[in-house]
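Visitor: Quick one: the structure is below, and I'll ask about it shortly.
The values are calculated or read from the model by the stated rules, or taken from the named source; none is laboratory data. Note that the coordinates shown come from a computational prediction; the quantities given were computed from them, not determined experimentally. Methodologically, a virtual Cβ is constructed for each residue, glycine included, from the backbone with ideal geometry; neighbour enumeration extends over all protein chains shown. Ligands, DNA and RNA are stripped out before the accessible areas are found, and what is left, the full protein with its side chains, is counted by its heavy atoms. Shrake-Rupley method; radii C 1.70, N 1.55, O 1.52, S 1.80 Å.
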Amino acid sequence: MRLGHISLSHFNSTSFRKIDQIIVLLLLNSRKPSGRYCTSLDTIRAYTILVDMYTRKRAVGHLDADCFYVSAERVRDPFLKGKPVGVLGNQGACVIAKSYEMKAAGVKTGEPIWDAVQKCPDGIYVKRDFRWYETLSRSMLEVMRRLSGHVEYYSIDEFFFVAEPGPGQSFQDLAVAMRQTILEELDLPVTVGIARSRTLAKLISDSAKPFGAKAVLEKEHEEHLLARLPVTEISGVAKRRAKRLLPWGIASCLDLAKADRGLVRKLLTATGEALWWELNGEPTGEIHSARPRHKALSRGGSLGESTADPHRLYAWLVRNLERLIEELRYHRVMPGKLTLWVGYRDGIPGEGQTRLAVPTDRFDLLLEALRPCLRRAWRPKHPANRMHLIAEDLTDRDTAQGGLFSPHDPRAEALADVKQRINERIGRFAVRSGATLPLKSIYDDGANGYDICDVRGKICF
Amino acid sequence: MASGIALALSDMPLAMHCWPEVSRRIYRRGGTEAEVRFLYDDREPVLPVMKDGKLELVRWGNGRGRSRCLPRTGWTWKATVEQGGWVGAAPGVVRIPATLALEKGIWFRVRQGVHGLLVTDEQGVESAYMICEPSSHYYRVMTRSDRMPALIEEKI
């Protein structure tokens, strides 16, 4: 676990007992330049968890809702239970989630509805509703926080947690009990995996789906499981990385775990080495009970129907900018750098980037900065189908220093405040830029007013 | 415009389950609950309608030309109804209860049902026309159709 500047990877695992390593780590990491030892309660608590993990009193758990969007629809609509169901996103164009019955018919996530209908003519299609999914997701989080002292809200349907069995309870009992509690209280099927590290816990829960509950803490059992799984099952190892590993005979998760650590670092950099430690049961990351500060904020996604019309593309830019500003103001940060990325149907993207002279969250200034970005990202006559707007180099709004020539405009700032207040009170996008008029049909549909990225507090998209 | 609807079997009165025009339309898609499918392509297309608080099956439009005076279709525009296009036929607006609707091979969930227009032909036989309206953006992307059924208290 990397809690300070020195981590477990600095030790040769044979020279120290793990428990000794942790104690040494605690001391080294808490040593101040003056030579005195000083450590916070939080650090001690984190190390206590680590010690407990090595002494098998605690482990890492991963809970993942089974086909979450479909299950959420089934909670309020029991008619859908046991039937092939697909949840549609991208304004009705694609299947963004499917039930196991639909999966059995060969339908894949992200597949256009027209292909899905060919494969599964009996499928029932429902419109996505992220407000409802968030309600259930937060209910799951509440239950999880009752069952574990440390829960990480990883994504809308995934949680990592510190698994602490009660008296007389095994890790396996705990996994089963958690699965059962969520089912009884929320009517949601979930799968729980418990292991020595996050990566192992996720691999275990992924392989135990659907409605599984499995605790694997013995090395033998871990190896048996890892041997069956290709490296691409590890989140963080996609096709390109797997291709790099293959010439070295590394195809399964076990091959990766058994490979030389130095070689893995050379092939997959430090991130890959962290995975190596994790696969060998050494946790490299802590469970974040609260979301760490954002390094970047972004808004965007599919444009639904692709468009080559520059006015429509500009309208999308304005829409995404208004959504981004809403998020910047919520987190009380201002960007120093903006990137506009536009995806085109032929697969060749366009990109424009700008650095702001002074960080700001004002609509007029940001739009002015983004116009040249759109000109650079725009490929005339090529239909665009995706757009992302990314804000980086975020500075705290309350402590940000204005530049010598920072354009202070009380009128524009007052206007931004009024716009924010009206939208908070009346409803999102009640007041919006006139430049978004070409997207009337998008605004007419309330479902487009709330997206997965609007669910706050989770670590992952 | 929807070319079919399905109603959960449990939403039909028990006494109707054994009616031949119901039992031959029962379909099991999976799960515990069966549905009754009403398709316009059927040899005898019918629609379930709520009339005076009772569920009844009536002829779906006049696609088979059984009436000489009614239009040979199964749908009518909401605007036509609102502009009085059916006044001569003494129409009544009815509720067509539905659990699912079908458009170009795509079955989608419907919360309550579809608005319908009930008219009587020259022989005194009732026909129900499904009321439709211009498609919403989502519906047009999903089905590639310019017309969508006028859903009851629901916007998709």
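Visitor: So which of A:Lys209/A:Lys239; A:Lys440/B:Lys51; A:Lys295/A:Lys440 end up more than 26 Å apart by C-alpha?
Guide: A:Lys440/B:Lys51; A:Lys295/A:Lys440
Visitor: What is the set of long-range amide H partners of A:Tyr344 at a cut-off below 5 Å, with H atoms built 1.01 Å from backbone N?
Guide: A:Gly350, A:Asn385
Visitor: Follow-up. Please give, to one decimal in nm, the separation of the simple spin-label points placed at B:Glu153 and A:Ala357, each 7 Å out from Cα toward the Cβ.
Guide: 5.8 nm
Visitor: Also, I was wondering about something else. Given the -39500 (n - 2.57) contribution per DSSP H run of 4+ residues, what per-residue ellipticity at 222 nm results for the protein assembly as shown, rounded to the nearest 500 deg cm²/dmol?
Guide: After summing the helix terms and dividing by the residues of the protein assembly as shown, the value is -10000 deg cm²/dmol.
Visitor: Taking only C-alpha pairs under 8 Å that are 6+ residues apart, what is the relative contact order of chain B in percent?
Guide: 23 percent
Visitor: Determine the percent antiparallel among the DSSP beta bridges restricted to segment B:71-156, to the nearest 5.
Guide: 85 percent
Visitor: Write down the Kirkwood hydrodynamic radius of segment A:329-432, to one decimal in angstroms, obtained as one divided by the mean of 1/r over all alpha carbon pairs.
Guide: Across segment A:329-432, the inverse of the average 1/r is 15.3 Å.
Visitor: In sequence order, what are the phi-derived ³J(HN,Hα) couplings for segment A:183-192 according to the Karplus relation 6.51 cos²θ - 1.76 cosθ + 1.60 with θ = phi - 60°, rounded to whole Hz, with x for glycine and proline?
Guide: 5, 5, 7, 10, 6, 10, x, 9, 10, 10
Visitor: Right, here's the next one. Going from the alpha-carbon gyration tensor of segment A:60-217, what semi-axes, largest first and in whole Å, does one get by taking the root of 5 times each eigenvalue?
Guide: Output for segment A:60-217: semi-axes of 30, 15, 13 Å.
Visitor: Measure off, as a whole percent, the carbon and sulfur share of the 1.4 Å-probe accessible area of segment A:297-454, all protein chains present.
Guide: 54 percent
Visitor: Using protein heavy atoms only (no ligands, DNA or RNA), what is the total accessible area buried between A and B, 1.4 Å probe, nearest 100 Å²?
Guide: Buried area between the two chains comes out at roughly 2200 Å².
Visitor: Let me ask something else. So which lysines can B:Lys104 reach, going by Cα to Cα under 21 Å and dropping same-chain residues fewer than 8 places off?
Guide: Output for B:Lys104: A:Lys83, A:Lys98, A:Lys108, A:Lys119, A:Lys127, B:Lys78, B:Lys155.
Visitor: If you don't mind, there's one more thing I want to ask. Taking all protein chains in place and a 1.4 Å probe, what share, in percent, of the accessible surface of segment A:124-256 do carbon and sulfur account for?
Guide: 53 percent
Visitor: In addition: In degrees between 0 and 90, to the nearest 10, how far off the longest principal axis of chain A does helix A:130-147 point, with axes built from Cα atoms?
Guide: Tilt relative to chain A: about 30 degrees.
Visitor: Pick from B:Val46, B:Val81, B:Val94 the residue whose mean-square fluctuation is largest in a GNM of chain B, springs joining Cα atoms under 10 Å.
Guide: Among B:Val46, B:Val81, B:Val94, the largest GNM mean-square fluctuation belongs to B:Val81.
Visitor: Between B:Glu56 and A:Ser252, what FRET efficiency comes out of the Förster formula 1/(1 + (r/R0)^6) with R0 = 56 Å and r the beta carbon distance, rounded to 0.05?
Guide: 0.35
Visitor: Follow-up. List the aspartates and glutamates whose Cα lies under 13 Å from the Cα of A:Lys381, skipping any in the same chain that are fewer than 8 positions away.
Guide: A:Asp309, A:Asp346
Visitor: Assuming R0 = 45 Å, can you tell me the calculated FRET efficiency for the pair A:Gln169 and A:Asp364, based on Cβ-Cβ distance, to the nearest 0.05?
Guide: 0.15
Visitor: Express in nm, to one decimal, how much length is gained between A:Tyr443 and A:Thr271 on full extension, taking 0.36 nm for each residue of separation and deducting their alpha carbon distance.
Guide: 57.8 nm
Visitor: For chain B, just list the percent of Cα-Cα distances falling in each 10 Å bin from zero outward, please.
Guide: Spelled out bin by bin, chain B gives 11, 42, 36, 10, 0 percent.
Visitor: Hey, what D do you get for segment A:230-373 in µm²/s if you plug the Kirkwood alpha-carbon radius into Stokes-Einstein at 20 °C and 1.002 mPa s?
Guide: 114 µm²/s
Visitor: Moving on to the next point. Can you give me the Rg/Rh ratio for segment B:94-151, using Cα atoms for both radii and the Kirkwood formula for Rh?
Guide: Rounded to two decimals, Rg/Rh equals 1.05.
Visitor: For segment A:372-461, which trypsin sites (Lys or Arg not before Pro) are both in a DSSP coil and crowded by at most 13 other Cβ atoms within 10 Å?
Guide: Sites meeting the loop and neighbour criteria: A:Lys381, A:Arg456.
Visitor: In segment B:2-43, what residues drop by 30 Å² or more in accessible surface going from the chain by itself to the full protein assembly, probe 1.4 Å?
Guide: Buried by 30 Å² or more upon assembly, which counts only protein chains, are B:Arg29, B:Gly31, B:Glu33.
Visitor: Can you tell me how much longer the chain between A:Arg397 and A:Asp187 gets when fully stretched, taken as 0.36 nm per residue apart minus their C-alpha distance, in nm with one decimal?
Guide: Taking 0.36 nm per residue and subtracting the Cα distance, the gain is 71.4 nm.
Visitor: With angles folded into 0 to 90 degrees, how steeply does helix A:410-426 sit against the dominant principal axis of chain A? Use alpha carbons for both and round to 10.
Guide: 70 degrees
Visitor: For Cα pairs less than 8 Å apart in space and 6+ apart in sequence, what is the mean separation divided by the residue count of chain A, i.e. the relative contact order in percent?
Guide: Relative contact order comes out at 13 percent.
Visitor: List the longest stretch of chain B that has no exposed loop site; here a site is one of the GluC sites (Glu not before Pro) assigned by DSSP to anything other than H, G, I, E or B, with at most 10 other Cβ within 10 Å.
Guide: Within chain B, the longest run free of exposed GluC sites (Glu not before Pro) spans B:1-121.
Visitor: Can you pull the one-decimal nm distance between simple spin-label points at A:Phe461 and A:Arg244, each 7 Å off the Cα toward Cβ?
Guide: 2.0 nm
Visitor: For B:Ser135, which sequence-distant residues (separation of 5 or more, or a different chain) have an amide H within less than 5 Å of its own amide H, given hydrogens modelled in the peptide plane?
Guide: B:Arg147, B:Met148
Visitor: Could you work out how far apart the two model spin labels at B:Asp11 and A:Leu263 are, taking each label as a point 7 Å from the Cα in the direction of the beta carbon, and quote it in nm?
Guide: Label at B:Asp11, label at A:Leu263, 6.1 nm between them.
Visitor: Any chance you could get the radius of gyration and Dmax over the Cα atoms of the protein assembly as shown, in Å?
Guide: 29.3, 103
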